[in-house]
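Inspection log for the structure reproduced underneath, given as structure tokens.
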Amino acid sequence: MMNSSTYSYTHYEASLARQPIPSDSQKILPLAKPFVKGYQYLGYALSVIMTHKECLPWVYHQFIQLSSPNYQWVDFYHPHDFSDYPWLETNETDCADLNAEQLIHTWIQLINEEKYLVMFIDEFYLSHTAFYQEEHYSHDIMLHGYDLEQGIFWASGYNRDFQYGEYSIPIEEVLAAHFSFQESHKRLITIRYQQAPVHSPKVIAVVVTLEGLIEQLQDYVDSRPSSWRRNDIQQASAHFYGMEIYDILQNSIQNFIDNHIKADIRAFHIWYEHKEAMEQRLTYLTQNVTGLQAIVDQHPTLMPALKELTRKATIIRNLLLKYNRSHNIASLERASQMLYTMRGEEEVALQMMLTVLKQSIQPVSVLEQSRELKRRVVDRQLRKTVEDRLIIFDQLEKLDHPNEWIEIMLIIDQQLWEQLAQTDSVRTDRLIAFWCELLQTKPWVASQYDTLRNVVERMQKVAQDEQVKAQLEYWHTTMTAIRSQ
């Protein structure tokens, strides 16, 4: 272990004369209040992307399902890596060979590049944590700012009272905490918000629909796995979903009672956040989905029911905290009784929410939408005004059906491609990029490549993004080579 006194602020000041530090003495990157934060890495990613309004529809269409691989661990069904979040550019930096001065200089430079720094440190050296000078504990932390005059970094995470927030940490504490564990040298992850590049298939993948939200919510109520919807192998090992989580929580309480052990409240906190998130989600939807508020008003018990679930989930979580202080089994027994009644109450509330959401959409199937769009494209009905052509963008970005996607793209002729590019060149490039991605997923036969090459040539005349042009050039070369064989 390294002693924190090794890295005094005086020692750091001396290093500034040897390292080219920017003239500004401080920089703090923006953070939003994260939608959920039961596990710190969730809070890190969400606090970054939620500073941008364009990300909010995606956020509120996530964190609907709960899953568990066993009888203890409970988590949201959600992207697991920072790189799975649209808009987040992630990189891993090797700091193994850097000394203290070089390390601080690197951190400052990265923050100046609008990058948030996630690393593993030893909380034994961090005075705002519960493990300070008590126990060596490796945990993650995110740095999002610095102030050289005060000699501090700004960080996000949980404090000694298990409250998630932003904290100032002396530079020497961060250094000591970093050098204490060997693995800390190897894991510096940078995350940075970026406008989703037009060539990224994620741009299309993040398009959110009320239908998709309803499907996820129905999965939760029916305790069905959601992994099949996204072909998510990472979550395939989970055995419990949705309302089955109540069984997990009841089993955990019984385990605490039978073995007289300290209650692990992490699963209960995630479960509480799920109720709070559902309440916030409906509030957001009523403010952003046309006509939904009027439908919610016809069900005046819905929002109070969601608020009551949040209130009771808070009480249950707090009862476990009370038990950890008093060791009184009565707190656990009361929590178990409340869980039993809450299960039925939540199912009633969410069924009502499903009814409300379903009333706000027209029950039109994907194929019906696709056929109507193809008919209007073929009949040249979407060419007269900008508003007409925007319908193509809107409907294609909502269409989650690869075969239909490809067929529609095949019938867009050169004139319409040019009109689309004039209407919105960025969205045009985005559609082209996603079509290129889909080409890799479909088993084509050689006789189809002449048609595909013609389509590529139409796209090449309107594409503007350089990476999109490169994708089209690749496919044109590939198709030409196949046809010449």
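Can you name the number of the only condition in (1) of a type in the set (A, V, I, L, M, F, W, C); (2) over 23 Å from Ala177 (Cα atoms); (3) open to solvent by less than 20 Å² (accessible area, probe 1.4 Å); (4) in contact with a strand residue (DSSP E or B) (Cβ under 7 Å, 6 or more places away or on another chain) that Trp87 fails?
Of the numbered conditions (1) of a type in the set (A, V, I, L, M, F, W, C); (2) over 23 Å from Ala177 (Cα atoms); (3) open to solvent by less than 20 Å² (accessible area, probe 1.4 Å); (4) in contact with a strand residue (DSSP E or B) (Cβ under 7 Å, 6 or more places away or on another chain), the odd one out for Trp87 is (3).
What tally of residues in region 149-161 results from selecting those that are closer than 20 Å to His105 by Cα and surrounded by fewer than 19 Cβ atoms within 10 Å (Cβ to Cβ)?
3
Open to solvent by less than 10 Å² (accessible area, probe 1.4 Å) and at pLDDT below 95, is that true of Leu302?
Values: open to solvent by less than 10 Å² (accessible area, probe 1.4 Å): yes; at pLDDT below 95: no.
So Leu302 fails the test.
Just one of (1) within 15 Å of Phe393 (Cβ to Cβ); (2) within 30 Å of the chain's Cα centre (by Cα); (3) surrounded by fewer than 18 Cβ atoms within 10 Å (Cβ to Cβ); (4) of a type in the set (S, T, N, Q) trips up Gln422, so point out which.
That leaves (2) as the condition not met.
If I ask for residues that are outside any loop (DSSP other than H, G, I, E, B) and closer than 25 Å to Cys55 by Cβ, which ones from region 71-105 would you list? Working first, answer last.
Here is the first cut: in region 71-105, the ones outside any loop (DSSP other than H, G, I, E, B) are 75-76, 82-84, 88-93, 100-105.
Hits for region 71-105 are Asp75, Phe76, Phe82, Ser83, Asp84, Leu88, Glu89, Thr90, Asn91, Glu92, Thr93.
Restricting attention to region 264-277, which residues are over 19 Å from Lys307 (Cβ atoms) and either surrounded by fewer than 21 Cβ atoms within 10 Å (Cβ to Cβ) or not hydrophobic (A, V, I, L, M, F, W, C) (or both)?
Hits for region 264-277 are Asp264, Arg266.
Looking for something modelled with pLDDT of 65 or more, among the hydroxyl-bearing types (Ser, Thr, Tyr) and assigned to a loop (DSSP other than H, G, I, E, B) - is there at least one such residue anywhere in region 53-70? Walk me through it before giving the result.
First, the residues of region 53-70 that are modelled with pLDDT of 65 or more: 53-70.
Okay, now just the ones that are also among the hydroxyl-bearing types (Ser, Thr, Tyr), so 60, 67-68.
From what's left, assigned to a loop (DSSP other than H, G, I, E, B): none.
Among the residues of region 53-70, not one is modelled with pLDDT of 65 or more, among the hydroxyl-bearing types (Ser, Thr, Tyr) and assigned to a loop (DSSP other than H, G, I, E, B), which makes the answer no.
Looking at (1) free of Cβ contacts under 8 Å to residues at least 12 places away in the same chain; (2) within 22 Å of Gln351 (Cβ to Cβ), which is the only condition Leu292 fails?
Only one criterion in (1) free of Cβ contacts under 8 Å to residues at least 12 places away in the same chain; (2) within 22 Å of Gln351 (Cβ to Cβ) is unmet by Leu292, namely (1).
Quick one: Val462 ticks every box in (1) of a type outside the set (Ser, Thr, Tyr); (2) modelled with pLDDT of 80 or more; (3) open to solvent by 40 Å² or more (accessible area, probe 1.4 Å); (4) not in a helix (DSSP H, G or I) except a single one, so which number is it?
The one condition Val462 does not meet is (3).
Residue-wise test of (1) surrounded by 16 or more Cβ atoms within 10 Å (Cβ to Cβ); (2) under 25 Å from the mean Cα position of the chain (by Cα).
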site	(1), (2)
Thr286	yes, yes
Gly291	no, no
Ala294	no, no
Gln298	no, no
Glu308	yes, no
Lys312	yes, no
Asn324	no, no
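The values are calculated or read from the model by the stated rules, or taken from the named source; none is laboratory data. Given the structure is predicted, the values throughout are model-derived calculations rather than measurements. Counting neighbours? That spans all protein chains shown, and the Cβs are built from the backbone with ideal geometry, glycine included. Accessible surface areas use protein heavy atoms only, side chains included; no ligands, DNA or RNA. Shrake-Rupley method; radii C 1.70, N 1.55, O 1.52, S 1.80 Å.
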